[in-house]
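Some notes on the structure that comes next.
Any read-out appearing in this document is the output of simple, stated calculations on the displayed coordinates, not a laboratory observation. Not measured: the values here are computed from a predicted model. All Cβ positions, glycine included, derive from the backbone under ideal geometry; neighbour counts span all protein chains shown.
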Amino acid sequence: MLRQDRANFHTFGIAQRGDEWYPLFSDAKTRALMEQMVRNGTMEPAAARDIMAGGACVFVQIFQAPRGDFLRVSVSR
């Protein structure tokens, strides 16, 4: 879902309130790595449910570390 959202923003110009451009996700090859970056990082099960339900404001922190890049994903309603 996160990957498609970034594709919508960067490729198709579909933006939602609060969307921000970030160069890491402007490339399809890098977006393909998002699933692994989430697995390497953190996302609470409740956050995943809220994202799938729709209408949540998603916050993604990006960490680029020597042992692999990872994301910290949280949401608010």
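For segment 1-76, chymotrypsin sites (Phe, Trp or Tyr not before Pro) are listed when DSSP marks them as loop and at most 15 other Cβ atoms sit within 10 Å of their Cβ; the list is 21. State whether segment 2-76 is rounded, prolate or oblate according to the following rule on the C-alpha gyration tensor (a ≥ b ≥ c being the square roots of its eigenvalues): a/c under 1.5 gives rounded; otherwise a/b larger than b/c gives prolate, and the remaining case gives oblate. Oblate. Rounded to the nearest 20, the size of the Cβ-charge dipole of segment 2-76 about its Cα centre is 160 debye, with Lys and Arg at +1 and Asp and Glu at -1.
Annotation for segment 48-77 versus segment 1-42: alpha-carbon center distance of 10 Å.
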